Amino acid sequence: MDYSKRTKIRSIVVDDQVEVNSDVIILGLVRTVRSSKNVGFVEVNDGSCMNNLQGVIGDQSAFPVLDEILTGASVRMKGKLIPSQGKGQKYEIEIHELDLIGQADESYPLQKKRHSFEFLRDIAHLRARTNTFGAVTRIRSKLAYAIHTYYQDRGFIYIHTPIISASDCEGAGDLFRVSTIDPLDPPMIDGKIDWDKDFFATEAFLAVSGQLEGELMATALGDIYTFGPTFRAENSNTARHASEFWMIEPEMAWAELEDDMDLAEDFLKELLKFALNECSDEMEFFNKWVDKGVIDTLEKVVSSEFERISYTSAIKILEESNEKFEYPVKWGSDLQTEHERYLTEKKFKKPVIVYDYPDEIKAFYMRENDDGKTVRAMDVLVPRVGEIIGGSQREERLDVLQRRMKSKGLTGSADYQWYLDIRKYGSCPHSGFGLGFERAIMYITGMSNIRDVISFPRVPRWAKF
Ligand code: 4AD
Ligand code: MG
């Protein structure tokens with residue numbers, strides 16, 4: 001069979017590249033089959049776009065195979081492309097040949113028009129065949145492309161940072177261990193595991209971030225970015241946390257926190273613009289079925305300035321809000337989701353960049369402010385999703401960094417000598433941030449659970465498929 005001559009539905013319906021009356025071969029999965037006395041319809045989707053294409057059969061007696069074709073089957077239909085007589089579609093296929101390639105029986109789980117996202121999570125191996133997950137998957141792919149284009153166009157160099165790492169960048173301690181030691185018979189020394197006998201002759205983990213290596217490369221090459229998977233073993237079962245997620249981390253030499261905030265705002269806006277302009281079919285789908293008004297929201301964000309406030313003013317606003325928060329608002333403690341939501345959804349009704357956080361709640365590498373209490377950190381918070389970007393200006397002064405590492409309990413600074421070396425030799429101010437790719441997709445599509453914007457989510461107690 002000549003599979004190679006197939007036409008993708010996208011090139012017919014979206015790109016209008018195929019002339020009416022030409023012969024086409026369509027290969028795809030059956031979404032619905034209907035037949036009445038005089039006419040039969042086979043509606044097929046091939047994953048190339050949102051739209052299905054409908055094949056029409058006049059004389060059903062000439063196609064006995066029709067009786068065996070059920071929802072979910074894969075089929076080949078060959079026929080003439082004609083303008084559709086029905087409503088809701090531009091074209092249809094007058095079927096001349098119809099072949100059943102792969103049968104599906106009544107047990108095919110996707111029989112209904114709509115299934116709950118919870119139900120679909122349990123059949124993640126099949127859910128990409130639904131409209132929602134087809135759209136999420138396509139927009140994810142296009143956004144990845146847009147991210148590379150954004151940085152490449154601006155001269156940022158794409159860096160591949162290691163996935164196996166011996167350091168804990170965020171100092172959070174939520175790490176997945178990488179080891180070949182037999183857990184039933186570990187080598188011991190002085191009552192402890194002898195990591196020197198492990199594969200890397202040291203403890204090793206999956207990376208929580210590519211930042212530290214990113215800094216090394218930025219201070220050599222100027223502007224760099226990473227885009228890769230990161231891993232966190234924090235046991236938080238929320239709709240916004242995954243144990244494996246993708247992060248985009250630009251790092252700029254010769255840049256201070258203001259430059260970092262400018263880049264973050266511009267980058268996010270360009271991503272939203274790309275989604276609105278280049279993914280309009282998917283966006284219309286999300287606007288209709290997932291989050292009514294999401295297009296309008298994104299359009300407003302693109303054309304307005306993000307609010308920028310210091311952590312100290314954010315605390316003041318929260319204290320004066322008269323809201324009943326579950327977690328008390330106190331200078332020095334981290335902003336909780338409810339606080340982030342108040343700032344973005346009620347107070348400013350748009351993305352908010354909070355900067356200059358207390359030292360105690362942020363990582364060791366952030367640049368100390370002259371007040372001795374705060375550091376040059378910034379988080380971008382957006383309505384509904386909360387923190388979408390975390391970044392900072394890095395501490396480039398060797399003596400200050402050494403003091404900070406000591407006070408944060410990062411003993412054995414020999415382990416970090418390579419990180420200190422770029423401060424020892426030709427140090428320069430530099431800044432960067434990390435955008436959580438899944439959180440960005442949630443924000444853009446209106447999808448409310450992180451498990452539904454990555455094909456095969458990894459979360460506590462779930463690594464199936
Ligand atoms: O704020 P985070 O922890 O910052 C860093 O990792 C820095 N090293 C980045 C840098 O400056 N280069 O993480 C950055 C972003 C968060 O704002 C959030 O969007 C996302 O990564 N993120 C998660 N996304 C999904 N699941 C999780 N468990 C996440 N943890 C962080
Ligand atoms: Mg953060």
> Per residue of the chain, what 222 nm ellipticity follows from adding -39500 (n - 2.57) for every DSSP H run with n ≥ 4, rounded to the nearest 500?
Replying inline: -8000 deg cm²/dmol
>> Quick check: with the 1.4 Å probe, what order do K316, K350 take by accessible area, largest first?
In response: K316, K350
> In terms of Cα to Cα distance under 19 Å, which aspartates and glutamates are near enough to K90, apart from those fewer than 8 places away along the same chain?
Replying inline: D15, D16, E19, D23, E43, D46, D281, E282, E284
> Using a 1.4 Å probe, how large is the accessible area of Y355, given in Å² and rounded to the nearest 10?
Replying inline: 60 Å²
>> For S427, what accessible surface area do you get with a 1.4 Å probe? Give it in Å², rounded to 10.
In response: 50 Å²
> Computed on alpha carbon atoms, what radius of gyration and Dmax characterise the chain, expressed in Å?
Replying inline: 26.7, 86
>> Tell me the net charge near L398. Cut-off is 14 Å between Cβ atoms, L398 excluded, with +1 for each Lys or Arg and -1 for each Asp or Glu.
In response: +2
> So what are the three principal axis dimensions of segment 256-415 from its Cα atoms, in whole Å, longest to shortest?
Replying inline: 54, 38, 24
>> I need the semi-axes of the equivalent ellipsoid of segment 344-449: take the C-alpha gyration tensor, multiply each eigenvalue by 5, square-root it, list largest first in whole angstrom.
In response: 31, 15, 12
> Given a cut-off of under 8 Å on Cα pairs at least six residues apart, what relative contact order in percent is computed for segment 9-108?
Replying inline: 29 percent
>> Quick check on segment 16-72: take the gyration tensor over C-alpha atoms, sort the square-rooted eigenvalues as a ≥ b ≥ c, and tell me if it's rounded (a/c under 1.5), prolate or oblate.
In response: oblate
> Among the DSSP beta bridges whose two residues both lie in segment 261-381, what percent are antiparallel, rounded to the nearest 5?
Replying inline: 65 percent
> Leaving out ligands, DNA and RNA, what percent of the accessible area of the chain is carbon and sulfur, probe 1.4 Å?
Replying inline: 49 percent
> What span do the alpha-carbon atoms of segment 164-216 cover on each of the three principal axes, reported in whole Å from largest to smallest?
Replying inline: 37, 19, 18
> Between their Cα atoms, which of K373/K408; K273/K324; K5/K80; K192/K362; K37/K80 are more than 25 Å away from each other?
Replying inline: K273/K324; K192/K362
>> Given an 8 Å cut-off on Cα distances and at least 6 residues of separation, report the relative contact order of the chain as a percent.
In response: 13 percent
> Separation between the S303 and N237 pseudo-spin-labels, each 7 Å from Cα along Cα→Cβ, expressed in nm?
Replying inline: 4.4 nm
> If the viscosity is 1.002 mPa s and the temperature 20 °C, what translational diffusion coefficient in µm²/s does Stokes-Einstein give for segment 9-108 when Rh comes from Kirkwood over Cα pairs?
Replying inline: 159 µm²/s
>> Please give the Cα centre distance for segment 314-392 versus segment 101-121, rounded to the nearest Å.
In response: 43 Å
> Between segment 184-200 and segment 441-465, what's the alpha-carbon centroid distance in Å?
Replying inline: 36 Å
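The values are calculated or read from the model by the stated rules, or taken from the named source; none is laboratory data. Bear in mind that the values here come from a model prediction, so they are computed numbers and not experimental data. Note that each Cβ is placed from the backbone with ideal geometry, even for glycine, and that neighbours are counted across all protein chains shown. Surface areas here come from the heavy atoms of the whole protein model, side chains and all, with no ligands, DNA or RNA. Shrake-Rupley method; radii C 1.70, N 1.55, O 1.52, S 1.80 Å.
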